[in-house]
Structure formats: C-alpha cells, structure tokens
Amino acid sequence: MSFTAEWLALREPVDTAARNADVLAAFVADVGPDTSILDLGSGTGSTLRAVSSYLAQDVQWTLTDMDATLLQHAGHRHPDANLLPCDLNDLASLPLIPGGHVTASALFDLCSADYVQRLIARLDQVGASLYAALNYDGRMEWSVFHPLDAAVTAAFNLHQQRDKGFGPALGPRSAEVLSQSVPGYRVVSGPSDWVLTADHEALQTEYLRGIGIAVAETGLVPDIDKWVQARIAMIPEAECRVGHMDVLILAE
C-alpha cells in the first residue's frame, strides 16, 4: 500500500464511488464561479477528477504534494492546474486564498491532531473552507468470517496511529478530530465506505498485503501471513467494507 501511481490508480474508482453524495453536494453548492481550490496531497490529481465535473469551468486548481513524481503525473493529466511541490508540514507557506477552498482525500488519517489544529487555524485566518474526503475510521468488515479478523483490525488500527510524516497519526480518529476542531464553522459529514467485491480483486489483493505488512510490524498477530493468504483466497466470495468518513468544514 505504498503511495505509488499504480496504487493510486487501483483505488481511484472505488474512492470516487465511495464519496458521500450529501457532503459532495454541500461542497459543490459552496463553490462559486471564479474560485480557487488548493488540493493537499494531490497525488496524480484524483480529487480534481472526482469533483471537477460538478463545478464551474473557471475554477482554478492548485495541486500540492511532497512527491514530485506523482505531481508530474498530475501535470500531464491536468495541464491547466497549477502544480506546487511542497512540504505539507510547512502550513505557513500554503497559498491559501481568502474565502477559498481546500480539499484533501485520504490524507488526514495520516496526520496528527496538532497538524489538523494548525491547519484549521490557518484556514480560520483567511476564512477558507475544507473538504476532507475518505478519512479511514477504523472499520474493516467482511461478509465471510475469519477468526483473526478482530485481532487484525485492532493491530492495523494501532499501526495507523504511528508517525506517517506528520506527527503521531490520528488514524481512525481523524474524522472525529476534524469535526471537533472548528468552532464557528458549519460541519457536514457522512460515511464514504469502500465496498469491495470480486470485481476489485487487484485492489483487494494489494490492500490485504498492505494490511499484512503493517500488522506484522506490530508483532501482535503471529499468524498474519496465514490470515492474508486466507483472505486473498476468499476474495471471489467475500465482500469487504472499509469504513471512511467525509468531512466538510464551511466558513460562514
């Protein structure tokens, strides 16, 4: 589950389908014409692709990422977007626009509570809004039971709270912390779960292997390799649901 262009391409269709329709609609309603959107951790530009068709043509996107290679992919696909390679930890340098909008997808579960609070403070300075989609919330459920599922989920969630480059990560608590960090703002939130079936075999396989690597690093589930192989074998018959939450924080 490394952040490669290949992994991002595998998950993009599922991410797009999972976005909460009510939260997306509230975001779209708040974005007027001739607006600037700053996308944090853009990767290859999946957020732009997921929402731009709902927005006015003259919306100007700035895509930011710490990975110059992923931004290069984004630039090839979206030549009209501004590209900004930067250290996302340097929040003071982000080009926030008064009354503008910031987006991010699958980012804040990697971030610390301190990072979220500092970002919200920056947004508050300029009256900008935040659309934070696809925040992992700690739920992993399968339609076919395996006796190690609960132990694997607990160990994975513990690993999710390790430092991912932005301080001790919030992991499953990210949506909760985002929603509670914004006095004076209007918050709209809703579930955006992945629903993975046999049609998503390649994504499921990579996802399960990534879970196995993370859980192995905790040392909490000695039989993790057996669980991964068993789960891969079950892909044709077992639906997998991975819990996410979308959070929209609107300046008023």
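For percent of Cα pairs over 33 Å apart, the candidate list reads (i) 24; (ii) 14; (iii) 18; the entry that matches the value derived from this model is (iii).
Across the options Ser129, Gly219, Trp142, the greatest Cα extent toward the positive end of the charge dipole of the chain (unit charges at beta carbon of Lys, Arg, Asp, Glu) belongs to Gly219.
Placing unit charges on the Cβ atoms only, positive for Lys and Arg and negative for Asp and Glu, gives region 179-252 a dipole magnitude near 180 debye about its Cα centre.
Full extension from Ala5 to Thr218: what is 0.36 nm times the residue separation minus their Cα-Cα distance, to one decimal in nm? Don't skip to the answer; put the middle values down first.
Working: separation 213, 0.36 × 213 = 76.68 nm, distance 2.67 nm.
Using 0.36 nm per residue and subtracting the Cα-Cα distance, I get 74.0 nm.
Taking amide H positions as modeled 1.01 Å from N, with prolines and chain starts lacking one, the residues under 5 Å from Arg186 and 5 or more places away or on another chain are Leu250, Glu252. Calculated mean residue ellipticity at 222 nm for the chain: -12000 deg cm²/dmol, from DSSP H runs with n ≥ 4 weighted as -39500 (n - 2.57), summed, divided by the residue count and rounded to 500.
Answer with one residue from Val23, Val187, Gln160: the one whose Cα lies farthest towards the positive end of the charge dipole of the chain, charges on Cβ with Lys, Arg +1 and Asp, Glu -1. In the chain, that residue is Gln160.
Taking amide H as placed 1.01 Å from N in the peptide plane, the amide H of Asp137 sits under 5 Å from that of Gly243, His244, Met245, each at least 5 places away or on another chain.
Can you tell me the length gained on complete extension of the stretch Glu252 to Ala154, counting 0.36 nm per residue apart and subtracting the Cα distance?
Residue separation times 0.36 nm, minus the Cα-Cα distance, leaves 31.5 nm.
Summing +1 for each Lys or Arg and -1 for each Asp or Glu, what net charge is found among the other residues whose Cβ lies under 15 Å from the Cβ of Ile211?
Details: positive: Arg11, Arg139, Arg162, Arg209, Lys226, Arg231, Arg241; negative: Asp109, Glu141, Asp149, Glu206, Glu217, Asp223, Asp225.
Taking every other residue near Ile211 into account, the sum is 0.
Look at the dipole of region 1-113 built from charges on Cβ: of Ser53, Thr64, Leu110, the Cα furthest out on the positive end belongs to Ser53.
Counted by Cβ distance under 15 Å from Ser42, the other residues give a net charge of -4, where Lys and Arg count +1 and Asp and Glu count -1.
If you wrap the tightest convex hull around every Cα atom of region 160-252 and split its volume per residue, you get 118 Å³.
No value in this document is a laboratory result; all are computed from the given coordinates. It should be emphasised that the depicted structure is a prediction, and the values quoted were computed from it without experimental measurement. Cβ sites come from the backbone with ideal geometry, for glycine too, and all protein chains shown count toward neighbours.
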